[in-house]
1. Looking at segment 218-256, which of its residues are among the basic types (Lys, Arg) and surrounded by fewer than 15 Cβ atoms within 10 Å (Cβ to Cβ)?
2. Among the residues of segment 49-58, is any among the β-branched types (Val, Ile, Thr), assigned to a loop (DSSP other than H, G, I, E, B), farther than 21 Å from Glu360 by Cα and in the same structural domain as Ile139 (by TED's automatic domain parsing)?
3. Could you give me the residue pairs with C-beta distances under 9 Å whose first residue belongs to segment 39-51 and is at positive phi, whose second residue is among the aliphatic types (A, V, I, L, M) and assigned to a helix (DSSP H, G or I) wherever it lies, and which are 6+ apart or on separate chains?
4. Please count how many residues of segment 257-300 are over 20 Å from Val341 (Cβ atoms), crowded, with 24+ Cβ neighbours inside 10 Å and of a type in the set (S, T, N, Q).
5. For the structure I just gave you, tell me whether Ala354 is in the same structural domain as Asn25 (by TED's automatic domain parsing) and either part of a helix (DSSP H, G or I) or charged (D, E, K, R) (or both).
6. Counting only residues that are touching a helix residue (DSSP H, G or I) at 6+ places or on another chain (Cβ under 8 Å) and assigned to a helix (DSSP H, G or I), how many does segment 132-156 have?
7. Would you mind finding the one in Ile175, Ile126, Ile118, Ile131 that is in the same structural domain as Gly65 (by TED's automatic domain parsing), in contact with a His (Cβ under 9 Å, 6 or more places away or on another chain) and within 29 Å of Arg102 (Cβ to Cβ)?
8. Among (1) within 25 Å of Leu294 (Cα to Cα); (2) part of a helix (DSSP H, G or I); (3) assigned by TED's automatic domain parsing to the domain that holds Asp75, where does Arg159 come up short?
Amino acid sequence: MNGGIFCAVSGHGYGHLSQVAPILNHLGTLDPGLRIMVAGKLDRAVLEKFVRVSFSSDPAVRDIGLVQNDPLVVDLEATRLSYIAMQHRWEELVTAEMARLRAFNTNLVLVDIPCVTIAAAHRLNIPSVAIASLSWDHIIKAYFSLDDPINRGWWLRMRENYAKTTLALLPQPAIMGDTFPHYEVIPPLASPGRTRKGELRQALGIATEDERPLIMVNLGGMPSNTLPLEKIFQEIRYHWLFKETQLPSMDHVHAIHAVEPWPFEDILGSVNAVVSKPGYGTAVHSAVLGIPMLYVRRRVFPDEDPICTWLSEYGIALEIDAETFASGQWHTPLQTLFRQVPPPRPRCNGAEVAAKKIMELLGRIDIQ
């Protein structure tokens, strides 16, 4: 059996998958016969929306990330207990991952960004490439005290294994730090999206003569319990598009599942604005597609500063505070957002750059 690329993805929302997917898709164009495994706690149906080349999948859990029941709220105690349990099973988890890498006849490991898979690759002398706009050691340090020896123990183990990565590629906007001894900064990662405004409005049943703006409200890969839905529903000067499925029957309230076969970037590229948090995937895609973005920060999450700084240069973006977000009174900031002068759109060819570097490591093409 020919070797292949084993891609391990954090199942913390869809942001990590949205980064590696365009790389995998580009790798498929460079080598249509390349075998690809996508491994992580993500449904196969979700994977197929992002990865558009042939791949196998493995749903085993490889990392914790953060335990969240809501995109804006972290369950710190559940996260801490999960890391403690993971540390007790560390050797078992690494051994199991080594077996999977052998079974797939892996030539190269691509991670975004479980350190268990890096550890397994290192023990098997398999080259590894990390895609890292963030790494979980930065997140843990932001949320937990490292004065606690238990917290510090799992943080040090994480950093020890991240340091074993053959090469880290940091797609802008990324957290810059000392996690990876060998790294290169690459352009932002984004999948190409199409603008299909008329098609989207028709698919949602919006009358042609109804010119109210269509606003997508999407805080990431999990449903939100903190959205002020009732207050949003009362604002009839807009059409609202939600990922939530339990919605009232109102002519200005719509569910994304009505157009679920569409790629996320096509939906995003076909609305008039998005309300979200400054996560990598939504922020970069909104800037690339020229879609205005109204956002609320989580504050503690350390990748927000580089993302928001990047948005201020390349995006049509406006931050609202937590109080304004919770009020659902978004008309005034949306109107301010719509009056912004669009900046030049960024060039986001990070997937092409990353794919060529990966192929160079595999020794399949000569990179000039």
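1. Lys231, Arg237 - these are the residues of segment 218-256 that are among the basic types (Lys, Arg) and surrounded by fewer than 15 Cβ atoms within 10 Å (Cβ to Cβ).
2. Pass one, segment 49-58, residues among the β-branched types (Val, Ile, Thr): 51, 53.
When the remaining residues are screened for being assigned to a loop (DSSP other than H, G, I, E, B), the result is 51, 53.
Right, trim to farther than 21 Å from Glu360 by Cα and you get 51.
Those still in the list that are in the same structural domain as Ile139 (by TED's automatic domain parsing) too: 51.
Scanning segment 49-58 turns up at least one residue that is among the β-branched types (Val, Ile, Thr), assigned to a loop (DSSP other than H, G, I, E, B), farther than 21 Å from Glu360 by Cα and in the same structural domain as Ile139 (by TED's automatic domain parsing).
3. So the pair list comes out as Gly40/Leu17; Gly40/Leu47.
4. Counting residues in segment 257-300 that are over 20 Å from Val341 (Cβ atoms), crowded, with 24+ Cβ neighbours inside 10 Å and of a type in the set (S, T, N, Q) gives 2.
5. Against the criterion (in the same structural domain as Asn25 (by TED's automatic domain parsing) and either part of a helix (DSSP H, G or I) or charged (D, E, K, R) (or both)), Ala354 qualifies.
6. So the count comes out to 10.
7. Of Ile175, Ile126, Ile118, Ile131, the one residue that is in the same structural domain as Gly65 (by TED's automatic domain parsing), in contact with a His (Cβ under 9 Å, 6 or more places away or on another chain) and within 29 Å of Arg102 (Cβ to Cβ) is Ile131.
8. Condition not satisfied by Arg159: (1).
The values are calculated or read from the model by the stated rules, or taken from the named source; none is laboratory data. Here the structure is a predicted model, which means the values were calculated and not measured. Glycine also receives a Cβ, built like all others from the backbone with ideal geometry; neighbour counts cover every protein chain displayed.
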